[in-house]
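See below for the structure under consideration.
Bear in mind these aren't lab numbers, they're just calculated from the coordinates by the rules spelled out. Treat the numbers as computed from the prediction; the structure is a model and nothing was measured. Note: ideal-geometry Cβ built from the backbone for every residue, glycine included; neighbour counts use all protein chains shown.
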Ligand SMILES: Cc1cc2nc3c(=O)[nH]c(=O)nc-3n(C[C@H](O)[C@H](O)[C@H](O)COP(=O)(O)OP(=O)(O)OC[C@H]3O[C@@H](n4cnc5c(N)ncnc54)[C@H](O)[C@@H]3O)c2cc1C
């Protein structure tokens, strides 16, 4: 694949290029026309998930015997994530990307055959929307501080507690929930799939955010929710380990999406400053604009090489938690910085919501926080240095 700004990328082949146009056409047809309505509503229509499944861009990484596409190569996820991130309706598409890259792996990687048969067909068809709930009002970065309890009673767990900031939380039917099943900070955590129609499960507010307006982000409450022990993912007490393993893919996904967003923002800014005039000349002709863009495009080109190397490594199964943490903070911090500088080059038009740069400015801000903050990512990298 070749981009005017970034140059050739050897990571992908012709099949990926074809997929890229399918994803773009899907976003244009199924997300763009509804994006403003969904932003006002604070959530997308659930039909979007079904349409995505029909188009093969949701559930593609679920085994074929359960109705999915049987894809295991992460480059397919990356193509979809990149095209979603570049699209002006990216906030409306975020819930599908989250399912593909972050939540589905819990359902494919940690389930036994009976669980696969119960859950995967519905997810693959886009009928069952999924979410993962780790964060609580009292704990975010410190995942070992999770306080929502699951107490074993016969063949069920009784769950009490609450979660906050859960993406897809309003639309979700199946929530992978991190719960405390024992007192040990790490060894006392487990993962339970909780169906949203269980008595005692309630959704709180759809939280009002500064960006990602079409994406629902929710509080969830659990009051004496009886969940069959058959809903446990993996063995009791292995929750922390499973989270750590899956968080590497979550973080490389956020990094890859940030990198694609950087490229889209830069391409749009180059187009804008070529057209916009001040003092009888184009804004792009001022030395400041030229130097700013030369600097940012070079950062993007360096970053693209770095990210594509890591994406190739991940598609071969060799990505480490440290690689993912480094990529996550590097790409997202650069995204936040670059989008602010590009907005400046747009002048007041950049502050108007009718310009994609304004959305990118608002939507970018969360990327250095969710999936693990920059500070926590730096802790992971520093620890690996023996510090
Ligand atoms: C839009 C959105 C979507 C989200 N989606 C989900 C989701 O689907 N599922 C889910 O479970 N969660 C989700 N989250 C939650 C998100 O992952 C957490 O907010 C994030 O992990 C940070 O936790 P916190 O907000 O509690 O911050 P805190 O942990 O309270 O941190 C506050 C500040 O202290 C810093 N800090 C904390 N510990 C250290 C340390 N040891 N050293 C240095 N600095 C430190 C942090 O870096 C941060 O700057 C979402 C959040 C948002 C806003």
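Structural remarks
- Label-point gap, in nm, between residue 4 and residue 29 - each point 7 angstrom along Cα→Cβ: 2.7 nm
- Prolate/oblate/rounded call for segment 35-158, Cα gyration tensor, a/c under 1.5 rounded: oblate
- If R0 equals 25 Å, the separation of the Cβ atoms of residue 281 and residue 362 corresponds to a calculated FRET efficiency of about 0.25.
- Helix axis angle, 74-86 relative to the chain longest principal axis, alpha carbon, degrees: 60 degrees
- Extended-chain gain in nm, criterion 0.36 nm per residue less alpha-carbon gap, residue 197 and residue 185: 1.4 nm
- Computed FRET value (nearest 0.05) for residue 295 with residue 379, which takes r as the C-beta separation and R₀ as 45 Å: 0.95
- Rg/Rh (Cα only; Kirkwood hydrodynamic radius) as it applies to the chain: 0.98
- If both residues of a DSSP beta bridge must be in the chain, then about 85% of such bridges are antiparallel.
- Residue list for segment 346-365, given a label point 7 angstrom along the Cα-to-Cβ vector of residue 288 and an amide N cut-off under 12 Å: 346-347
- Put in order of Cβ neighbour count within 10 Å, fewest first, the listed residues 162, 190, 141, 242 become 141, 162, 242, 190.
- Potential extension, residue 353-residue 156 segment - 0.36 nm per residue separation minus Cα distance: 66.0 nm
- Rel. contact order, % - alpha carbon contacts under 8 angstrom, at least six apart, segment 44-117: 27 percent
- Computed per residue of the chain from DSSP H runs no shorter than four, each worth -39500 (n - 2.57), the mean residue ellipticity at 222 nm is -15000 deg cm²/dmol.
- 0 to 90° range, to nearest 10: angle between helix 113-124 axis and the chain longest Cα axis: 40 degrees
- Descending semi-axes in Å of segment 178-280, equivalent ellipsoid built from Cα gyration tensor: 43, 20, 10
- Sorting 232, 387 from the fewest to the most surrounding beta carbons within 10 angstrom yields 387, 232.
- Likely footprinting exposure, 259, 353, fewest C-beta neighbours within 10 Å first: 353, 259
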